[in-house]
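Structure record follows, encoded as C-alpha cells.
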2 protein chains.
Amino acid sequence: MTTPTKPRLVLDASAQDVLFRRARTVERFTGEPVDDETIRAVYDLVRDGPTAFNQQPLRILLLRSSESRTRLAVHLSRSNREKTLRAPLTALLAVDNEFHRNLSRLFPGFPGAADLYAENRALRERSALLNGALQAAYFIIGIRAAGLAAGPMSGFDEDGVNREFFPSGDLSALLVVNIGRPERSGERPRGPRLSHSEVCTTL
Amino acid sequence: MTTPTKPRLVLDASAQDVLFRRARTVERFTGEPVDDETIRAVYDLVRDGPTAFNQQPLRILLLRSSESRTRLAVHLSRSNREKTLRAPLTALLAVDNEFHRNLSRLFPGFPGAADLYAENRALRERSALLNGALQAAYFIIGIRAAGLAAGPMSGFDEDGVNREFFPSGDLSALLVVNIGRPERSGERPRGPRLSHSEVCTTL
C-alpha cells in the first residue's frame, strides 16, 4: 500500500529534470554540431513508443545542407526562419498518410487492419496526425534524452512545405524541430502551466 | 567532440528501460489500485512538455466509478470493453477545441495568439488534435515514469463518447488509456518497429 510520503514516481529526479522539469524549448543554439549517429540513437530509443495498431506513421527529414534549409525556410514565418537557419540541425517531421500499406508487416496479429483504412483517406489522415503526433512527442523526449534541446515549431505554411518536400501527396508535414545545444540566454522562460485541477477530473 | 564509442544518450539505461525499451502496452492489470495522488504526480511532471503557443489543450477524465466506466464501455469495441472494465483506472483523454480562450493567460508574450484561432474552428480542431496528442504522449511517458503501465486505445465510437461525456461540443475525445500494474502475461509482445533507415532521411 502506498502512503502520502512515498515518492509517486520511480523515474529518478535527474531524469525528470532532463526530460521535463529543466528542459525548455530553445530558440538559440551553440555552434556544436549534432551528428547523424546521435539522431540514430534517439530514434532507436523512441521507436518503441506505442501507436495504434503499431502504425508508426512518423517520418523524419534531417535538413543538413544549406540547400535543404533554404527550401524549408521560405515557408516558415519570419521569426521561425532566422532561428531555423542558425540551428545546428533541423528535423522536418511528417506523417505517412499511406501507413496502412505497412500494417500487414507491423501488426500481423490482425490481418484486417489495413482494410479499416484502405477506402478512407480522411480516416487515415486523422489517424496519421494523432499517432504521428504521439511519435513526435516521443522524438522530442528522445532529443532531451540525448542531452540536447529541441525547438519544435508549427508556424509554417503547411501546403507550401508539402508541395516542396512531399509532392507525391503521401506525406504531410507535422512539425519542424530545431535541435542542438542551448546557448545561454537562448532558452525561453517557462510559460504558465494549467494546474492539475484545471486539467484532471475524477468521475 | 564526440567519438563513435561515446554513449549518445545522457538518460541512464534504467530510465531508458522504464520509459521505452522494457515498457509495453498492457491489456491485463493486477488488482492494485492507482490513486489520485499518483496521477497528480504524473500530471505535475508531464505538464511541462511543450505545446504550440503553450496551448495545453489536453483534458483528462479519470473514470473510477463503475457508473462512469459503464458510460464509456458501451462505446468501446468489444475487445477494448472487457479490458477497460477490468483495469484499475481508465483515463479518457480529450482535447479542448476552445483552447484559444486561455491563450492570453498561457501565452502572454503574444497577445494576438487567440485571434489566430478565434474565427476558425477547423484550425482549432487540428491544432488541438496535434498538440493534445503531443500531451497524450507525455502522459503515457509519465504513467511509465510512475512505474505503471498504460494501455492506450483508439478503438471506440468517438461521436458516441463525445455525446456522452462532452455534450457542449467544446471537447473531443482523443484516446482511452487504461492504467495499472501489469499482470504477468498481460503484456503484448513488442510489435516490429520500422528501422532507422526507413524513417530517417538526411537531406
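Tell me which residues, restricted to segment B:80-108, are over 20 Å from the mean Cα position of the chain (by Cα) and closer than 19 Å to residue B:157 by Cβ. Answer for segment B:80-108, where residues must be over 20 Å from the mean Cα position of the chain (by Cα) and closer than 19 Å to residue B:157 by Cβ: just B:82.
As a summary of the residue check, residue A:66 satisfies the conditions (1) loosely packed, with under 14 Cβ neighbours inside 10 Å; (2) within 25 Å of residue B:176 (Cα to Cα) except for the one numbered (2). Evaluating residue B:162 against the criteria (1) at pLDDT below 95; (2) more than 25 Å from residue B:40 (Cβ to Cβ) leaves one unmet condition, (1).
Restricting segment A:143-196 to residues that are acidic (Asp, Glu) and in contact with a Lys or Arg (Cβ under 8 Å, 6 or more places away or on another chain) leaves a set whose member that is nearest to residue B:100 (Cα to Cα) is A:187.
Take the conditions in contact with a strand residue (DSSP E or B) (Cβ under 9 Å, 6 or more places away or on another chain), open to solvent by 10 Å² or more (accessible area, probe 1.4 Å) and touching a residue at least 40 places away in the same chain (Cβ under 8 Å) and apply them to residue A:71. Does it pass?
Here the answer is yes, as residue A:71 does meet what is asked.
Only one of the listed residues (B:156, B:139) is hydrophobic (A, V, I, L, M, F, W, C) and modelled with pLDDT of 95 or more. That residue is B:139. Is one or more of the residues making up segment B:45-56 touching a residue at least 24 places away in the same chain (Cβ under 8 Å), closer than 15 Å to residue B:146 by Cα and open to solvent by less than 20 Å² (accessible area, probe 1.4 Å)? Within segment B:45-56, one or more residues are touching a residue at least 24 places away in the same chain (Cβ under 8 Å), closer than 15 Å to residue B:146 by Cα and open to solvent by less than 20 Å² (accessible area, probe 1.4 Å). Residue B:178 meets the conditions (1) closer than 19 Å to residue B:86 by Cα; (2) of a type outside the set (A, V, I, L, M, F, W, C); (3) within 9 Å of chain A (Cβ to nearest Cβ) in every case but one. The failed one is (3).
Screening segment A:1-82 for helices (runs of 4 or more DSSP H) wholly inside it with 1 or more residues that are among the polar types (S, T, N, Q) and either closer than 22 Å to residue B:196 by Cα or more than 10 Å from chain B (Cβ to nearest Cβ) (or both) returns the ranges A:36-46, A:66-73.
The values are calculated or read from the model by the stated rules, or taken from the named source; none is laboratory data. Source: prediction; values computed, not measured. Neighbour counts are summed over all protein chains in view; Cβ atoms, including those assigned to glycine, are modelled from backbone coordinates with ideal geometry. Accessible surface is based on the protein model in full, side chains and every heavy atom, while ligands, DNA and RNA are left aside. Shrake-Rupley method; radii C 1.70, N 1.55, O 1.52, S 1.80 Å.
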